[in-house]
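A quick write-up on the structure given underneath.
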Amino acid sequence: MNVLFIGAPGSGKGTQSRELIEKFGFLQLSTGDLLRGAIKNKTELGLKAQGFMDAGKLVPDELMLGLVSDYLTTNKGKSIIFDGYPRTVVQAQSLGQLLESQGSKIDKVFYFKINPQILIDRLTGRRTCANCGEIYHIRTKPSSKGDKCEKCGGDLVHRKDDHADVISERLKQFEDNTGPTIEFYSKAGNMVNVDGDQAPEKVFNEIKKTLAL
Ligand code: AMP
């Protein structure tokens, strides 16, 4: 079963993905995580993507399509959560074609709706483990190990693009590009809205119920 999480940065997609992975064995295709990995490893893709990411802009579709196509070829037939991909209508159309060529499809789309004020607080307070990707928040979910990850001991970082100046550009990109993508899936008829302002446990229960897990 393939599910797609779509929503503004900070709307809770990553947190919910981690729950589905841990409890139900899904794989997660987080294009943001893959790109951050590519930057860390200084690959050709990482070098091309870094400037866009630091500025809060979207990485061009042609770079993203190659990355996703490779991932799907490697993980054919597995249950995948698409987190942060697709973000444009071009990406959505190409994902549909790629999955169809594998005899597969997106089974359910969850649109995480969230109040913009909550979102800015979540992003500016978010700390992410540079090693395993676990997500914390300085006020609502601090690590008991200070600036180290509770799970793996990795360093907790404030992502460059989670700083206030870049957040506004990311939100603009979301409105301009991902807005039409949401419209695309809404017309396709398999999208459900999730109230992302709720506590993560409540959101997770809704997702489980919808997927009959
Ligand atoms: P995220 O961790 O999903 O918030 O992504 C962080 C950044 O990676 C975004 O602000 C973009 O610069 C880039 N990125 C991630 N996914 C995509 C995508 N599907 N299309 C274009 N750029 C992306």
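The values are calculated or read from the model by the stated rules, or taken from the named source; none is laboratory data. In this text, all values refer to a predicted model and were calculated from it rather than measured experimentally. Heads up, the Cβs are rebuilt from the backbone with ideal geometry, glycines too, and the neighbour counts pull from every protein chain shown. The protein model used for the area step is the full one, side chains on, heavy atoms only, and it has no ligands, DNA or RNA in it. Shrake-Rupley method; radii C 1.70, N 1.55, O 1.52, S 1.80 Å.
Rounded to whole numbers, the Karplus 3J(HN,Hα) couplings from phi for region 30-35 are 9, 5, x, 5, 4, 5 Hz, using 6.51 cos²θ - 1.76 cosθ + 1.60 with θ = phi - 60°, and x at Gly and Pro. Placing one equal scatterer on every Cα of region 112-213 and applying the Debye formula, the log10 ratio I(q)/I(0) at q = 0.13 Å⁻¹ is -0.62.
Secondary structure note: in the chain, about 30% of the DSSP beta bridges are antiparallel.
Backbone phi angles across region 8-14, fed through the Karplus curve with coefficients 6.51, -1.76 and 1.60 (θ = phi - 60°), yield HN-Hα couplings of 4, x, x, 7, x, 4, x Hz in residue order; Gly and Pro are listed as x. For the chain, with all protein chains present and a 1.4 Å probe, just round the carbon and sulfur fraction of the accessible area to a whole percent. Summing carbon and sulfur atoms, their accessible area is 52 percent of the total for the chain. Each residue of region 167-176 is assigned a 3J(HN,Hα), and the resulting list reads 4, 4, 5, 5, 5, 5, 4, 4, 4, 5 Hz, derived from the Karplus form 6.51 cos²θ - 1.76 cosθ + 1.60 (θ = phi - 60°), x at Gly and Pro. Estimated at 0.36 nm per residue, the fully extended path between Lys40 and Glu183 surpasses their Cα-Cα distance by 48.1 nm. Each label was represented as a point 7 Å from its Cα along the Cα-to-Cβ direction; for Thr124 and Asn190 these points are 3.9 nm apart.
Across region 1-140, Cα-Cα distances exceeding 18 Å account for 58% of all pairs. Modelled spin-label separation between Asn131 and Asp155, with each label point placed 7 Å from Cα along the Cα-to-Cβ direction: 1.2 nm. Close amide H contacts of Phe26 (hydrogens built in the peptide plane, cut-off under 5 Å, sequence separation of 5 or more or a different chain): Ile21. Note on Lys108 and Ala199: their simple-model spin labels are 2.2 nm apart, each label 7 Å out from Cα toward Cβ. Ellipticity at 222 nm from helices only: DSSP H runs of n ≥ 4 in the chain, each -39500 (n - 2.57), divided by the residue count, give -14500 deg cm²/dmol. Looking at region 124-213, the trypsin sites (Lys or Arg not before Pro) that sit in a DSSP loop and have at most 14 other Cβ atoms within 10 Å of their own Cβ are Arg139, Lys145, Lys151.
Between amide H atoms placed 1.01 Å from N, distances below 5 Å from Val194 occur with Tyr111, Phe112, Lys113, all of them 5 or more places distant or on a separate chain. Accessible area per residue for the chain, computed on protein heavy atoms with a 1.4 Å probe, is 51 Å².
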